[in-house]
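A short worksheet on the structure shown next.
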Amino acid sequence: MPDAFACRALEKRYAQTLALRGVDLSVAPGELMGLLGPNGAGKSTLTKIACGLVRPSAGRASVDGCPAGSAPARAAIGYLAELFRFPGWLRGEELIALHQRLSGSGGGSAEQAELLELVGLAEARSMRVDAMSKGMQQRLGIAQALVGSPRLLLLDEPTSALDPAGRRIVRDLLRELRRREVAVLLNSHLLSEVELVCDRVAILLDGRIVAQGTPAELSRPRGVQVDTADGSRTFPEAGREDVPGIVAGLVEAGERVYGVRLLASTLEDAYLEAVGA
């Protein structure tokens, strides 16, 4: 099975500005890939190339094994932009029906019901868009992006307007898409959300990927912290294998040990280090 998205030596130049500088990236079927980076790093350009809205200056990109921008590649994509607007007079199920007609999907009312259920809007199917909260509209946007069963879902800040309950719904949805082998390229500044759901993360800076891997691979150990009767003690150079010896030494010295935890940097720490902030 081909990668849901792949690019090799991808470059894009706008006049004198080089937005992408030889990007290599692949997203496997069912993989949740987080795309991180400061404003102007090249994330939007990469997404537009995947959608076929922008042509690369050099290199190549493919969606589900087809050249990005080709008809089969476009048919395999679902997309939700960060700044979207839907006609306020349409009801939830009418909006899905509109996008079914636009994309040529034959899913009908069964697909409408399934997608609205998937994003937690089954009870709001008859509600007008302009009566929905921003969070509900954002979840409706994810539903329309899933019309036609795309193989690759491109999401730009999909949880920025959601409350904690809405974010949990979207996290559960993304895990369900993984089970269905739908790949997701997630562009977000909410690093805690990315860390919770993404299988891998790529960090862009000045058009280059400066770090890539699982959230666990990008984090690094920061020592061991032990809670004792006299307070917490930190051993910055220690690792997991040092814990038994540390605890034995403290007990032998008469300390009462109540807890031990391994310290590690977060995805936010790794991101700030990668972008030099």
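The values are calculated or read from the model by the stated rules, or taken from the named source; none is laboratory data. Since the model is a prediction, treat every value here as computed from it, not as a measurement. Every residue, glycine as well, gets a Cβ built from its backbone with ideal geometry; the counts of neighbours run over all protein chains shown.
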Note on region 213-226: residues modelled with pLDDT under 90 and not in a strand (DSSP E or B) are Pro215, Ala216, Glu217, Leu218, Ser219, Arg220
Those strands (runs of 3 or more DSSP E) completely within region 9-65 that have 1 or more residues that are more than 16 Å from the chain's Cα centre (by Cα) and either among the polar types (S, T, N, Q) or under 23 Å from Glu157 (Cα atoms) (or both) are 17-27, 58-63
Subset of region 245-259, residues surrounded by fewer than 15 Cβ atoms within 10 Å (Cβ to Cβ) and outside any helix (DSSP H, G or I), comes to Ala253, Gly254, Arg256, Tyr258, Gly259
Among residues of region 227-244 being assigned to a helix (DSSP H, G or I) and surrounded by fewer than 11 Cβ atoms within 10 Å (Cβ to Cβ), the residue modelled with the highest pLDDT is Pro244
Conditions (1) in contact with a strand residue (DSSP E or B) (Cβ under 6 Å, 6 or more places away or on another chain); (2) among the hydroxyl-bearing types (Ser, Thr, Tyr); (3) under 24 Å from Asp172 (Cα atoms) -> Ser57 fails only (3)
Pairs returned, first residue in region 209-237 that is within 28 Å of Gly276 (Cβ to Cβ), second residue that is of a type in the set (Phe, Trp, Tyr), beta-carbon separation under 7 angstrom, 6 or more apart or interchain, are Gly223/Phe235
Open item on the list: Based on this model, can you work out whether Gly135 counts as under 26 Å from Pro38 (Cα atoms), at pLDDT 90 or above and not hydrophobic (A, V, I, L, M, F, W, C)?
Closed with: no
Inset, instruction - Report whether or not Leu185 is surrounded by 16 or more Cβ atoms within 10 Å (Cβ to Cβ), closer than 30 Å to Gly120 by Cα and out of contact with any strand residue (DSSP E or B) (no Cβ under 9 Å at 6 or more places or on another chain). - result: no
